[in-house]
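Asks: I have a structure I would like to understand better, so I am pasting it below and will then ask my questions one at a time.
The values are calculated or read from the model by the stated rules, or taken from the named source; none is laboratory data. What you see is a predicted model; the values in this text were computed from it and never measured. Here the Cβ is made from the backbone with ideal geometry for all residues, glycine too, and neighbour counts use every protein chain on show. Note: accessible area is taken over every heavy atom of the protein model, side chains too, but ligands, DNA and RNA are not part of it. Shrake-Rupley method; radii C 1.70, N 1.55, O 1.52, S 1.80 Å.
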Amino acid sequence: MITGLDHIAIAVPDLEAAIQRFMADFGLEYEGTEEVEAAKTSTAFFPLPPTSIELVHPLRGEGAIAKYLEKRGGGIHHLCFRTDDIDADVARLKEKGYQFIGDEPTPGAHGARVIFIHPKSCDGVLIELSEPQQGDH
Ligand code: CO
């Protein structure tokens with residue numbers, strides 16, 4: 001079951017400059033940056049309860065975010081819904097004909113399990129589902 005808006009992810013070409021903007025100009029609390037190997041991203045976290053802003057930047061210039069930046073420059077990249085049972089939600093949505101990117105949830109930031117619904121299935125919006133690591137929520 002989807003239980004909340006976990007985060008909004010913004011793809012940024014210059015991570016340090018974007019961190020400075022969100023910290024110094026917008027005054028948000030910077031929680032730190034994590035390298036998420038499975039997604040090939042460096043992700044900076046700005047908790048903004050009950051949700052969070054994530055700045056995503058390619059790790060080593062590779063991966064989906066690198067391609068996105070090449071094509072479009074920065075921009076809102078995806079929304080992420082928190083779920084308490086990602087396997088059940090994936091099964092339910094697949095049954096309804098939703099297409100996913102990849103077959104199985106993969107490791108996300110903070111030890112969550114994540115999977116993306118193909119934007120073709122959601123009016124052009126990339127939506128991530130994330131089940132937080134147990135004990136995190
Ligand atoms: Co995300």
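Asks: Within the set of pairs 6 or more residues apart or between chains, which connect a residue that is free of Cβ contacts under 8 Å to residues at least 40 places away in the same chain and of a type in the set (A, V, I, L, M, F, W, C) inside the range 76-101 to a residue that is open to solvent by 40 Å² or more (accessible area, probe 1.4 Å) and more than 13 Å from the ligand (Cβ to nearest atom) with Cβ atoms less than 6 Å apart?
Replies: Short answer, once both residue conditions are applied: Ile101/His118.
Asks: Something else: Taking Gly32 and the conditions (1) surrounded by 11 or more Cβ atoms within 10 Å (Cβ to Cβ); (2) in contact with a strand residue (DSSP E or B) (Cβ under 8 Å, 6 or more places away or on another chain); (3) small (Gly, Ala, Ser), which numbered condition does it fall short on, given that it satisfies the others?
Replies: That leaves (1) as the condition not met.
Asks: Being open to solvent by 20 Å² or more (accessible area, probe 1.4 Å), part of a strand (DSSP E or B) and within 13 Å of the ligand (Cβ to nearest atom) is the filter here; which residues of the range 38-51 pass it?
Replies: Let us first name the residues in the range 38-51 that are open to solvent by 20 Å² or more (accessible area, probe 1.4 Å), namely 38-40, 47-51.
Filter once more, so that each one left must be part of a strand (DSSP E or B): 47-48, 51.
Passing the criteria: only Thr51.
Asks: Go through the range 102-111 residue by residue and tally those that are part of a strand (DSSP E or B) and either loosely packed, with under 13 Cβ neighbours inside 10 Å or free of Cβ contacts under 8 Å to residues at least 60 places away in the same chain (or both).
Replies: Taking the range 102-111 as the starting set, the residues that turn out to be part of a strand (DSSP E or B) are 102-107.
Checking the rest, the ones that are also either loosely packed, with under 13 Cβ neighbours inside 10 Å or free of Cβ contacts under 8 Å to residues at least 60 places away in the same chain (or both) come to 102-105.
Total satisfying the criteria: 4.
Asks: So, one more: For the range 55-72, name all the residues that are outside any helix (DSSP H, G or I), without any contact (Cβ under 8 Å) to a residue 24 or more places away in the chain and surrounded by fewer than 19 Cβ atoms within 10 Å (Cβ to Cβ).
Replies: From the range 55-72, those outside any helix (DSSP H, G or I) are 55-62; that's our starting set.
Narrowing the set further to residues that are without any contact (Cβ under 8 Å) to a residue 24 or more places away in the chain leaves 58, 60-62.
Answer for the range 55-72, where residues must be outside any helix (DSSP H, G or I), without any contact (Cβ under 8 Å) to a residue 24 or more places away in the chain and surrounded by fewer than 19 Cβ atoms within 10 Å (Cβ to Cβ): Arg60, Gly61, Glu62.
Asks: Right, another one. Can you confirm whether Leu129 is under 15 Å from Ile8 (Cα atoms) and either over 13 Å from the mean Cα position of the chain (by Cα) or not in a loop (DSSP other than H, G, I, E, B) (or both)? Don't jump to the end; show me each part of the working.
Replies: On the way: under 15 Å from Ile8 (Cα atoms): yes; either over 13 Å from the mean Cα position of the chain (by Cα) or not in a loop (DSSP other than H, G, I, E, B) (or both): yes.
Spelling it out, Leu129 is indeed under 15 Å from Ile8 (Cα atoms) and either over 13 Å from the mean Cα position of the chain (by Cα) or not in a loop (DSSP other than H, G, I, E, B) (or both).
Asks: Being touching a Leu at 6+ places or on another chain (Cβ under 8 Å), under 17 Å from Glu131 (Cα atoms) and surrounded by 13 or more Cβ atoms within 10 Å (Cβ to Cβ) narrows it down to one residue among Ile19, Ile8; which is it? Lay out the reasoning, then the answer.
Replies: On the way: Ile19 fails: under 17 Å from Glu131 (Cα atoms).
Going through Ile19, Ile8 in turn, just one is touching a Leu at 6+ places or on another chain (Cβ under 8 Å), under 17 Å from Glu131 (Cα atoms) and surrounded by 13 or more Cβ atoms within 10 Å (Cβ to Cβ): Ile8.
Asks: When Gly102 is evaluated against the numbered criteria (1) within 18 Å of Ser121 (Cβ to Cβ); (2) at pLDDT 95 or above; (3) within 16 Å of the ligand (Cβ to nearest atom), which criterion, by number, is the only one it fails?
Replies: (2)
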